[in-house]
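What follows draws every value from the coordinates through simple rules; no lab data is involved. Not measured: the values here are computed from a predicted model. Counting neighbours? That spans all protein chains shown, and the Cβs are built from the backbone with ideal geometry, glycine included.
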Amino acid sequence: MTNHRVIGIGETVLDILFKDDQPLKAVPGGSTFNSIVSLGRAGVNCVMVTEVGGDHVGDMICRFLNENGVSSEYVFRREHVKSPISLAFLDEHNDAQYMFYKDPSPVALGGKLPEFSKDDMVLFGSYFAINPAIRPIVGSLLHEAHDKGAWLYYDVNFRKNYIADIPILKPNIEENMSLADVVRGSMEDFDYLYSLHEGDAIYEKVNGFCNTLILTDGARPLRVYTPEGCETYPVQPIETVSTVGAGDNFNAGYIYAKLQGMNDQAARIAMAQRWSQDVCRQLGNNISDALVASLKNEVINP
């Protein structure tokens with residue numbers, strides 16, 4: 001393992017999972033948050049840039065980060081504000097439909113912020129990365145990281161409920177893509193953004209913004225587009241317990257592979273899929289103790 005630091009920038013919520021309308025588990029979550037916690041569990045030096053309320057849920061979130069090896073130094077605690085809650089309802093395929101409950105106070109992201117170096121890796125995405133309320137702060141952080149030579153990974157993760165705001169949000173999304181070394185998006189993301197449904201057309205649309213595009217399509221094969229061409233990778237069918245956190249842990253696994261010095265794209269994708277599949281086999285947002293132990297053993301005995 002190298003001494004690189006991974007900096008996550010994103011929202012944090014308390015996920016409450018339901019099956020057949022009954023609560024199963026409550027665990028801190030959020031797209032980037034899930035990735036960073038899994039990386040922390042695997043022994044990676046990580047910090048999380050986010051905000052939570054000054055409430056009991058906020059206490060839980062900070063404690064959860066620290067328990068999993070992630071620094072909460074840059075978690076902005078907002079007194080007199082409630083931490084956001086997400087209800088995830090698992091269907092018959094164990095895919096989730098979400099309902100979000102947030103304090104009406106707009107996101108602020110104050111407090112201490114990190115300084116970047118060329119050895120840093122930055123993971124960011126979802127609405128937090130394009131929210132107009134904090135775009136001046138987030139945009140400045142991303143530009144600073146890029147200018148300092150950090151490596152950036154952007155997960156588009158665009159949700160349907162923001163479609164009406166696309167004219168306002170699209171410039172932020174495209175700026176994010178232009179700053180990132182790797183962009184991951186789903187077919188659904190680019191359908192919402194550009195009304196495009198075919199991989200080659202999507203890459204032709206965005207290759208002016210990004211160099212490497214990882215395009216996922218649910219259980220169908222994923223594609224990796226680079227200036228050298230397109231590679232296709234099958235998705236292994238597995239029996240799932242919950243798909244919450246599947247994409248987030250794909251991101252984490254890809255970053256972990258890069259940290260391990262895996263420069264081959266196929267090796268990175270294989271590691272990303274391994275992490276994603278692991279989290280799908282359990283009820284939670286992060287990689288299992290068994291995978292953590294296996295990874296650490298592989299580092300000791302390559």
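In terms of distances greater than 30 angstrom between alpha carbons, the cross-link table entries Lys25/Lys102; Lys205/Lys258; Lys112/Lys205; Lys102/Lys205; Lys19/Lys112 yield Lys112/Lys205; Lys102/Lys205; Lys19/Lys112. Placing unit charges on each Cβ (+1 for Lys and Arg, -1 for Asp and Glu) gives the range 5-288 a dipole about its Cα centre, and among Val183, Ile163, Val57 the Cα reaching farthest toward its positive end belongs to Val57.
Listed by chain and number, the aspartates and glutamates placed with their C-alpha closer than 16 angstrom to that of Lys82 are Glu11, Asp15, Glu51, Asp55, Asp59, Asp103; residues fewer than eight positions away on the same chain are left out.
With a cut-off of 10 Å between beta carbons, the residues surrounding Tyr98 carry a summed charge of 0, where Lys and Arg count +1 and Asp and Glu -1.
Coupling constants for the range 179-191 follow from the phi torsions by the Karplus curve (6.51 cos²θ - 1.76 cosθ + 1.60, θ = phi - 60°), and in residue order they are 8, 8, 7, 10, 10, 10, x, 9, 4, 5, 3, 7, 5 Hz; glycine and proline get x.
Remark: the range 206-223, residue by residue, has Karplus-estimated 3J(HN,Hα) of 9, 5, x, 9, 9, 8, 10, 10, 9, 10, 9, 8, x, 7, 7, x, 9, 10 Hz, where x stands for each Gly or Pro and the curve is 6.51 cos²θ - 1.76 cosθ + 1.60 at θ = phi - 60°. Computed 3J(HN,Hα) for the range 27-34, one whole-Hz value per residue from the Karplus formula 6.51 cos²θ - 1.76 cosθ + 1.60 where θ = phi - 60°, is 8, x, x, x, 4, 5, 4, 4, glycine and proline marked x. Take every DSSP beta bridge whose two residues both sit in the chain; close to 40 percent of them are antiparallel. Among the GluC sites (Glu not before Pro) in the range 134-212, those located in a DSSP loop and surrounded by at most 14 other Cβ atoms within 10 Å of their own Cβ are Glu198.
Each Lys and Arg adds +1 at its Cβ and each Asp and Glu adds -1 at its Cβ; summed about the Cα centre, the chain shows a dipole of about 520 debye.
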